[in-house]
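Student: Sharing a structure with you now.
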Amino acid sequence: MSIRRTLTMSLAAAAALALTLTACSTAAEAPASGVDAATATSLSAFGDLAGLEEAAIAEGALNVIALPRDWANYGAILDLFAEKYPEITITEASPDGSSAEEIQAADNLKGQDTAPDVFDLGLAVALASTDRFAPYQVSTWSDIPDALKEASGLYVGDYGGYLSVGYDPDAVPEPKELSDLLGADYKGKVAVNGDPTQAGAAFAAVGLAAVQSGGTADDFQPGIDFFSKLNAAGNFLKVDPTTATVASGETPVVFDWDYLNVGYGAQLEGQRNWKVVVFDGTGYAGYYNQAISKDAPHPAAARLWQEFLYGDEAQNLWLAGGARPARAEAMAAAGTIETELFDALPQAPSDTVVPTEDQSTAAATLLGEKWAAAVQ
């Protein structure tokens, strides 16, 4: 099981969503129109898309960070942007970096042409970093559910899914519920994608463990307690999973977003058996978020990237990667979504938790205080 077709609708009903870089360019020159791209808050500042494209092409570069090519089909998305805008050189830095490392890179490289122009972040990090962002509302703003966007456009949900468990059926039995992972069959075999104090997927893994262990979005302590028990049992494998670790058998059980776990299976078909389960009971869903750096060395290209990501082509490419695009429901209504892919998204729990901003912030604080000691 993984994402259900109604996920975006359920998230939209929530009060709010909870949830590094080299370049050869020189400082961006202002376009002939004289528009200050760094202060533009919508496409209208450039007149139209052609105006924004002209400004971005004049800059000639875009710095992205922490975008693995095998994550939610980002490789295809990056390649399509490069095909559409060959005059803009994309620098892909630290593809395996965490959300927190994206912000660290922006701070360390501030004022340099190698600094990130844009971010892709888990919500907890986005909420803690809004002073680094420039507000921008893409032209398809009205299609994005209110629950997935900060009102001024400081950060906006882009793609999401359910937290799942991927496993190698040749190495371990199928885990049918969370508590199964505490058993002897899983000794030294259960990995999490990142550090929950820094990475969105790992943060969500603790959230899932919490709501599956009697906790709530207001109380992540049961989730921390679960991983403490997993560690004490010798089952917690402190290896950051990748396609390579799954292929080698090093990480036979992985907590991760369903679209990433499904991606492992697709990439390793014929090499490694890989199955994915979203546990019955309460599910944990979340979206990653786009943001533009207020110190972006290429501010027009940063805004063009956002317009591209929230257009139909890129949204459908995320869908092709097994992720739920933010504009899915509006695109379905308009007939612009890839219907076969949309309809094929599997069933997921009817009871779904999506923490609010306040809940996410509180959970991040709790994890900062207690995670390291719980799994040392």
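Since every read-out is calculated from the coordinates, none of them should be taken as a lab result. Small disclaimer: the values here were computed from a predicted structure and weren't measured. Backbone-built Cβ (ideal geometry, glycine too); neighbour counts: all protein chains shown.
Student: Using just the helices of the chain, give the 222 nm mean residue ellipticity in deg cm²/dmol: DSSP H runs with n ≥ 4 each add -39,500 (n - 2.57), and the total is spread over all residues, rounded to 500.
Tutor: Details: 14 runs with 133 residues, N = 376.
It comes out at -10000 deg cm²/dmol, rounded to the nearest 500.
Student: Give me Lys149, Lys84 sorted ascending by neighbouring Cβ count inside 10 Å, so fewest comes first.
Tutor: On the way: Lys149 23, Lys84 12.
Placing the least packed residue first, the sequence is Lys84, Lys149.
Student: Please arrange Asp143, Asp120, Asp343 by how many other C-beta atoms lie within 10 Å of their C-beta, fewest to most. Display every interim value, and only then the final one.
Tutor: Values: Asp143 19, Asp120 23, Asp343 10.
The most exposed by this proxy come first: Asp343, Asp143, Asp120.
Student: Still on this structure, please answer the following. Enumerate the amide H contacts of Thr89 below 5 Å, restricted to partners 5 or more residues apart or on another chain; note that Pro and chain-start residues carry no placed amide H.
Tutor: The list, which skips near neighbours in sequence, is Ala61, Leu62.
Student: Just subtract the alpha-carbon distance of Thr41 and Ala373 from 0.36 nm times their residue separation and send over the number in nm, one decimal. Kindly include the intermediate steps, with their values, before the conclusion.
Tutor: Numbers: separation 332, 0.36 × 332 = 119.52 nm, distance 4.29 nm.
So the extension gain works out to 115.2 nm.
Student: Using r as the Cβ-Cβ distance of Leu268 and Asp312, and R0 as 35 Å, what FRET efficiency do you calculate, to the nearest 0.05? Please report the intermediate quantities before stating the final value.
Tutor: Values: r = 30 Å, r/R0 = 0.86.
So, using R0 = 35 Å, E works out to roughly 0.70.
Student: So what is the relative contact order of the stretch 166-307, in percent, for Cα pairs below 8 Å that sit 6 or more residues apart?
Tutor: Numbers: 200 pairs, mean separation 44.7, N = 142.
Once divided by the residue count of the stretch 166-307, the mean separation gives 31 percent.
Student: A further question on this structure: Which value results for Rg/Rh of the chain when Rg is the Cα radius of gyration and Rh the Kirkwood radius based on the inverse mean 1/r?
Tutor: Values: Rg = 20.2 Å, Rh = 20.8 Å.
Reported Rg/Rh (Cα atoms, Kirkwood Rh): 0.97.
Student: Can you tell me how much longer the chain between Lys110 and Asp180 gets when fully stretched, taken as 0.36 nm per residue apart minus their C-alpha distance, in nm with one decimal? Don't skip to the end; give the middle numbers.
Tutor: Details: separation 70, 0.36 × 70 = 25.20 nm, distance 4.64 nm.
Taking Lys110 through Asp180 to full extension adds about 20.6 nm, to one decimal.
Student: Return the distance in nm (one decimal) between the two label points of a simple spin-label model at Ala334 and Ser139, each offset 7 Å from Cα along Cα→Cβ.
Tutor: The modelled label-to-label distance comes out at 1.0 nm.
Student: Considering just Cα atoms, how many Å³ per residue does the convex hull of the stretch 81-162 enclose? All intermediate terms of the calculation are to be shown ahead of the outcome.
Tutor: Details: hull volume 11.6 nm³, N = 82.
Convex hull volume per residue, Cα atoms: 142 Å³.
Student: Highest mean first, how do 320-326, 75-81 rank when packing is the count of other Cβ atoms within 10 Å averaged over residues?
Tutor: Working: 320-326: 26.6, 75-81: 17.6.
The densest-packed peptide leads the list: 320-326, 75-81.
Student: Of all alpha-carbon pairs in the stretch 234-376, indicate the percentage at a distance above 28 angstrom.
Tutor: Working: 3760 of 10153 pairs.
Of the Cα pairs, 37 percent sit more than 28 Å apart.
Student: Moving to a separate point now. Which semi-axis lengths, in whole Å and largest first, follow from the square roots of five times the eigenvalues of the Cα gyration tensor of the stretch 36-182?
Tutor: Working: eigenvalues 216, 69, 56 Å².
Rounded to whole Å, the semi-axes are 33, 19, 17.
Student: In the calculated pair distance distribution of the stretch 306-347, what percentage of Cα-Cα distances lie above 11 Å? Don't skip to the end; give the middle numbers.
Tutor: Numbers: 513 of 861 pairs.
Tail of the P(r) past 11 Å holds 60 percent of the pairs.
Student: Now for a different question. Arrange Phe342, Phe203, Phe220 by Cβ neighbour counts within 10 Å, fewest through most, would you?
Tutor: On the way: Phe342 17, Phe203 33, Phe220 28.
Lowest count first: Phe342, Phe220, Phe203.
Student: I've got another one for you. When the dipole is taken about the Cα centre of the stretch 281-346, and only Lys, Arg (+1) and Asp, Glu (-1) are charged at their Cβ, what size is it in debye, to the nearest 20? Kindly include the intermediate steps, with their values, before the conclusion.
Tutor: Details: 4 positive and 8 negative charges, 63 e Å.
The calculated dipole for the stretch 281-346 is roughly 300 debye.
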